[in-house]
Amino acid sequence: NMLEEGKAEELSRAQGRFMCFVRKKHARVGLAETLSTFVMMVFGLGSVAQVVTGGGLFGDYLSINLGFGLGVAMGVHIGGKVSGAHMNAAVSFTMCVLGRLGWKMLPLYVAAQLLGSFFAAGTVFILYYDAIYHYCEGNFTVSGPKATAGIFATYPAPYIPTHAGFLDQVLGTAMLLLCLTALADQRNQPAPSGGEPVAVGALVLLIGVSMGSNSGYAINPTRDLGPRIFTAFAGWGSEVFRAGNAWWWVPVVAPLVGGVTGALIYKALVELLHPVHTDKELEHREGSSECAPLDQCKKGTAEVCV
């Protein structure tokens, strides 16, 4: 009995230490960011796998965009109040540049996003392994009529040179961060409280249906790199890094450039030009639509989207 009581006590102490660790800020943020990214990627990659292996019978390009858009919305619901549900290294990097996230937190966010994306790719691979194998007859290729690597990572269209693809990723991510910054701007027209997931999901859907055909609109370094690393180990080999004139680095670097560019454009042309407190009081008397003093602005949860 004493031995059993001692083991129970030791187990209780271990559980207490574990729960103490989980309650710490960094652990909570990392776990929430990993899970939100995982959920987003399972829905997104799953929609691609269904379209590719089904030969168009179980969806089309629009369903892929819907899968990623709604997946982002679900991800924001899961981690929004804890980590902000960035799910995108370009978002995290831009928040650091803008001073909204400490630089020391960036490695945690990037690691969590990579982990979530990697495991999501593995989950979709297991779920659709038989379908992928049947579709390509066991020949896992990156290019060609039966290519399947594009289920997990993005590759440029054959007619897209590297410099054009780089610009494509810069522009797409710039639009993403420009609009996210606007959705979080409490002195303009932010997303309604509680409606941030839908707004952000709709934004990703909009980018997909308007700027996705050139190179698959990765607009997210960790979304692309994690699954690409997985495919290198899962049977596609090192060709995933050589294909498209060594395309792999473009969706890693270009979104970082585009994200900062888009956010700074919004800040320069809109946010920094908001009237100061005294100007707002004057405009309130004159009936301006931008008249609420800053201290009366509703502090909603739009910041969780970025």
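Read-outs throughout are calculated quantities, based only on the coordinates presented, and are distinct from any laboratory measurement. All values reported here derive from a predicted model rather than from experimental measurement. Methodologically, a virtual Cβ is constructed for each residue, glycine included, from the backbone with ideal geometry; neighbour enumeration extends over all protein chains shown.
When the dipole is taken about the Cα centre of the range 32-305, and only Lys, Arg (+1) and Asp, Glu (-1) are charged at their Cβ, what size is it in debye, to the nearest 20?
Using only the charged Cβ atoms, the result is roughly 400 debye.
Distance in nm between label sites at residue 246 and residue 25, each 7 Å beyond Cα in the beta-carbon direction?
In this crude label model, residue 246 to residue 25 measures out at 4.0 nm.
Can you give the Kirkwood hydrodynamic radius of the range 51-97 from its Cα pairs, in Å with one decimal?
12.4
What is the distance, in nm, between label points placed 7 Å from the Cα along the Cα-to-Cβ direction at residue 273 and at residue 164?
3.4
Between Rg and the Kirkwood Rh of the range 103-255, both from Cα atoms, what is the Rg to Rh ratio?
That ratio is 1.01, to two decimals.
Collect residues whose amide H, placed 1.01 Å from N in the peptide plane, falls under 5 Å from the amide H of residue 101; neighbours closer than 5 in sequence don't count.
Close amide H contacts, sequence-distant or interchain: 96.
Which whole-Hz ³J(HN,Hα) couplings does the range 241-255 yield from phi under the Karplus relation 6.51 cos²θ - 1.76 cosθ + 1.60, θ = phi - 60°, glycine and proline marked x?
Values, residue by residue: 9, 9, 4, x, 6, 6, 5, 3, 6, 5, x, 8, 8, 4, x Hz.
Given Cα positions, please report Rg to Rh for the range 115-200, the hydrodynamic radius being the Kirkwood one.
The Rg/Rh ratio comes out at 1.13.
I need 260, 97 ordered by Cβ neighbour count within 10 Å, fewest first.
Listing 260, 97 from fewest to most nearby Cβ atoms yields 97, 260.
Which ³J(HN,Hα) values, rounded to whole Hz and listed in residue order, are derived for the range 89-97 from phi using the Karplus coefficients 6.51, -1.76 and 1.60 in 6.51 cos²θ - 1.76 cosθ + 1.60 with θ = phi - 60°, glycine and proline given as x?
So the J values, rounded to whole Hz, are 5, 5, 5, 4, 4, 5, 4, 5, 4.
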